Amino acid sequence: MDPLGAEEEELSDEQKIALAKWFLLKSPPGEIQYVAKDLQGVLLNDNIYQAAAQAAFPVYNKEQMLSVEMSDGSGQVIVCEDGEIDANHFIDLRTAQVATIDHIEQVCTGVRPAADSELPSAYVEEYRAAIDTEVVRYIEEAFPRGHCSVFATNGKDSDENGGFELTVVISSAKFSPKNFCNGRWRSIWKVQLHGDLQTVDLQGNIKISAHYFEEGNVQLDTAYDCKDSSIFQGPAETASAVVGIIQHHESEYLAYLEDCYSKLSDNTFKELRRKLPVTRTLFFWGNAHQMSMNRELAREISSK
Amino acid sequence: MEAALGLMRRMPPSLSRTALSSLLLLLPDHSSELLSLVDQPLEVLWDEGCGKQFLLCDYNRDGDSHRSPWSNTYHPPLEDGVLPPAHLRDLEVEANEIFALYRDQYYEGGISSVYLWETDSPEGFAACFLIKKDGSRTGEGRRGLLEQGLWDAIHVIEVEKANDETTAHYCLTSTVMLSMKSATGFQGSFDLSGSITRQMEADLSLSEGHLSNMGRMIEDMESKLRNGLDQVYFGKTREMVFTLREPLDTLTATSATGQSIQHEVINDIVRSRT
């Protein structure tokens, strides 16, 4: 008997690795190490586990936009696609350093100064640094646990005549396993600066995950996309306009979430189950008793 | 086994079916144990003879067939499938009738099934009350608020008669699994999913019969689970969102911004006095 189609056939190692990878990648924020431990207990095969971990951790870390303390204590580096030099190296433009990341341990094992070829042109850097300063100010205000980074993701060698793209990433996590809750906020803002057209276009993506698991398992997952634009000006003015737009959209989104939550109890949840019947009184179980009495009575009468 | 259950506690509840089937593939020797320990969303079959749907679980299964509570027959047909003894079948018929009324009052739709079977304890029996509701706007959601909305409730009650013959001991284990995807005009998604399990025991007088006793316990438990999910579990995820990102416009005395402003104000006052 096999309701889920799990055949008795022995799985190939590749299949086991694929399944193990799936579990690791579905780990809630801050929980991949716990999942890894349980997974090792299920697999009981270190080769398979190692293969899955090698493949899954880098993807998970980048997807989660893990923020890691740099080994020289100069700040945090955000592990994400936009800052990826190669599989284990991630750039931090604020300190002009490249950090070496041990994905499985989730730590930074070393830093080196970034090569000139890895850094943006002086012109692009002026805008990047200005936006970075503004985002840091915003983070300090709005994300008590947040970290941010600004990357030059396109046309980093541009001068006044060309357009370029900067990417603002914000990553804020709270891990509180003792209180059975973990969560992460991630936002990515692609900022296209068109010096020739005198315009700035923004494209934002915000994701929030939260997990509460005291005697249960409840998870929140949200995603949101938005667009906006502004005028291309000098670095300081552009930076303040760009971060103003980011702040505005993120605040609006938060207000929207508050609205979702406030409607949850009395509206949305009702679609599944009401708090009380329409009559606003508990179900009348006396009917059940009455019903069985009648049935017994009927049986007695018919048997006489 | 412990590790497998640990994984199930961390995987997104909306993906519990995939997680469980993956574990079954990785641990083929533990499949029956896994299936009995891990609850999963209920599946539905159609009882053609009665024109009604019924829910599947381990308690109405024999081989690859499941017994319908409406016709007491197996689907697909099974010649010598296990049937409850006559006195339990009578109670099962009543339970299905009354529980359908209960379900309709609280769920405004949905599917319910009740199954009864004998246990080892003398005069004892066990019952399983199941409810499934699709509250999405394409399903039975009356308000059109959910893109996807699934609720599965599984209540298993073990009943033992006490020595004095006038009371019985009831032990109820309930699990609720739900998954909600809000239908929003906003370009985004808002998904909440979860599963919780609780137990409740009671010694109750038999003056009103087993069915009323079991029904009241289930009603009480379902209300507790619903409120717990709503107030505590969803509340905790909301709290997390607003801890990660502070609502800048509404300053509160405890928020980081609120606190720093408080400090500034206090410093100003102190400075103005000196």
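The values are calculated or read from the model by the stated rules, or taken from the named source; none is laboratory data. Remember, it's a predicted structure, so these values are computed and weren't measured experimentally. Note: ideal-geometry Cβ built from the backbone for every residue, glycine included; neighbour counts use all protein chains shown.
For every residue, the table says whether it meets (1) in contact with a strand residue (DSSP E or B) (Cβ under 7 Å, 6 or more places away or on another chain); (2) among the charged types (D, E, K, R).
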site	(1), (2)
A:I101	yes, no
A:Q106	yes, no
A:D116	no, yes
A:Y123	no, no
A:V135	yes, no
A:G146	yes, no
A:N182	yes, no
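Just to confirm my filter: which strands (runs of 3 or more DSSP E) fall fully inside the stretch A:66-108 and include at least 2 residues that are over 19 Å from the mean Cα position of the chain (by Cα)?
Because the criterion is at least 2 residues that are over 19 Å from the mean Cα position of the chain (by Cα), the strands (runs of 3 or more DSSP E) in the stretch A:66-108 that meet it are A:84-86, A:89-92, A:97-102.
Please tell me if A:E9 is surrounded by fewer than 20 Cβ atoms within 10 Å (Cβ to Cβ), more than 10 Å from chain B (Cβ to nearest Cβ) and either at pLDDT 95 or above or not in a helix (DSSP H, G or I) (or both).
So A:E9 does not fit the description; no.
Here's the yes/no breakdown for (1) more than 12 Å from the chain's Cα centre (by Cα); (2) of a type in the set (A, V, I, L, M):
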site: B:L150; (1), (2): no, yes
site: B:F190; (1), (2): yes, no
site: B:G194; (1), (2): no, no
site: B:S212; (1), (2): yes, no
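Results for (1) at positive phi; (2) in contact with a Cys (Cβ under 8 Å, 6 or more places away or on another chain); (3) facing another protein chain (nearest Cβ under 10 Å), shown as yes or no for each residue.
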{"residue": "B:R143", "(1), (2), (3)": "no, no, yes"}
{"residue": "B:I154", "(1), (2), (3)": "no, yes, no"}
{"residue": "B:C171", "(1), (2), (3)": "no, no, no"}
{"residue": "B:A183", "(1), (2), (3)": "no, no, yes"}
{"residue": "B:S189", "(1), (2), (3)": "no, no, yes"}
{"residue": "B:D203", "(1), (2), (3)": "no, no, no"}
{"residue": "B:L211", "(1), (2), (3)": "no, no, yes"}
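Going through A:L44, A:L93 one at a time, which residue ends up being touching a residue at least 12 places away in the same chain (Cβ under 8 Å) and among the hydrophobic types (A, V, I, L, M, F, W, C)?
A:L93
Return a yes/no flag: does the stretch B:37-55 have any residue that is in a helix (DSSP H, G or I), under 30 Å from A:L220 (Cβ atoms) and more than 7 Å from chain A (Cβ to nearest Cβ).
So far as the stretch B:37-55 goes, yes, one or more of its residues are in a helix (DSSP H, G or I), under 30 Å from A:L220 (Cβ atoms) and more than 7 Å from chain A (Cβ to nearest Cβ).
Return yes when B:T243 is among the hydroxyl-bearing types (S, T, Y), part of a helix (DSSP H, G or I) and on the phi < 0 side of the Ramachandran plot and no when it is not.
Judged against the criteria, B:T243 is a match.
Residue by residue through the stretch A:67-88, note down the ones that are in contact (Cβ under 8 Å) with a residue 60 or more places away in the chain and among the acidic types (D, E).
A:D82
In the list B:M240, B:M214, B:M180, which residue meets the criterion of being without any contact (Cβ under 8 Å) to a residue 12 or more places away in the chain, assigned by TED's automatic domain parsing to the domain that holds B:G135, crowded, with 21+ Cβ neighbours inside 10 Å and not polar (S, T, N, Q)?
Selected residue: B:M240, the only one of B:M240, B:M214, B:M180 that is without any contact (Cβ under 8 Å) to a residue 12 or more places away in the chain, assigned by TED's automatic domain parsing to the domain that holds B:G135, crowded, with 21+ Cβ neighbours inside 10 Å and not polar (S, T, N, Q).
Among the numbered criteria (1) surrounded by fewer than 16 Cβ atoms within 10 Å (Cβ to Cβ); (2) free of Cβ contacts under 8 Å to residues at least 24 places away in the same chain; (3) not aromatic (F, W, Y), which one does B:R89 miss?
Here B:R89 clears every test but (2).
Of the residues that sit in the stretch A:27-38 and are within 16 Å of A:Q106 (Cβ to Cβ) and at the interface with another protein chain (Cβ under 9 Å from one of its Cβ atoms), which one is surrounded by the most Cβ atoms within 10 Å (Cβ to Cβ)?
A:P28
From the set of residues in the stretch B:217-237 that are in contact (Cβ under 8 Å) with a residue 40 or more places away in the chain and at the interface with another protein chain (Cβ under 8 Å from one of its Cβ atoms), which is surrounded by the fewest Cβ atoms within 10 Å (Cβ to Cβ)?
Going through the qualifying residues, I end up with B:E219.
Does the stretch A:187-196 contain at least one residue that is modelled with pLDDT of 95 or more, among the basic types (K, R) and within 30 Å of A:S117 (Cβ to Cβ)?
Yes - at least one qualifying residue is present in the stretch A:187-196.
Which condition number does B:D164 fail, the rest of (1) within 20 Å of B:R216 (Cβ to Cβ); (2) surrounded by fewer than 16 Cβ atoms within 10 Å (Cβ to Cβ) being met?
It fails just one condition, (1).
Quick check, is B:C50 in the same structural domain as B:Y115 (by TED's automatic domain parsing), without any contact (Cβ under 8 Å) to a residue 24 or more places away in the chain and either within 20 Å of the chain's Cα centre (by Cα) or more than 23 Å from B:G149 (Cβ to Cβ) (or both)?
Answer is yes for this residue.
Which one is nearest to the chain's Cα centre (by Cα) among residues in the stretch A:210-231 that are of a type outside the set (D, E, K, R) and more than 9 Å from chain B (Cβ to nearest Cβ)?
Per the criteria, the residue is A:S229.
Can you tell which of B:Y102, B:Y59 is away from chain A (no Cβ under 13 Å) and not in a loop (DSSP other than H, G, I, E, B)?
That would be B:Y59, the only listed residue that is away from chain A (no Cβ under 13 Å) and not in a loop (DSSP other than H, G, I, E, B).
Search the stretch A:114-141 for residues that are within 14 Å of chain B (Cβ to nearest Cβ) and of a type outside the set (G, A, S) and pair each with any residue that is surrounded by fewer than 18 Cβ atoms within 10 Å (Cβ to Cβ) and assigned to a loop (DSSP other than H, G, I, E, B) when their beta-carbon atoms are under 8 Å apart and the residues are at least 6 apart or on different chains.
Between residues of the stretch A:114-141 that are within 14 Å of chain B (Cβ to nearest Cβ) and of a type outside the set (G, A, S) and residues that are surrounded by fewer than 18 Cβ atoms within 10 Å (Cβ to Cβ) and assigned to a loop (DSSP other than H, G, I, E, B), the close pairs are A:E141/B:L248.
Restricting to the stretch B:186-211, count the residues that are free of Cβ contacts under 8 Å to residues at least 40 places away in the same chain, aliphatic (A, V, I, L, M) and under 30 Å from A:A223 (Cβ atoms).
Residues in the stretch B:186-211 being free of Cβ contacts under 8 Å to residues at least 40 places away in the same chain, aliphatic (A, V, I, L, M) and under 30 Å from A:A223 (Cβ atoms): 1 in total.
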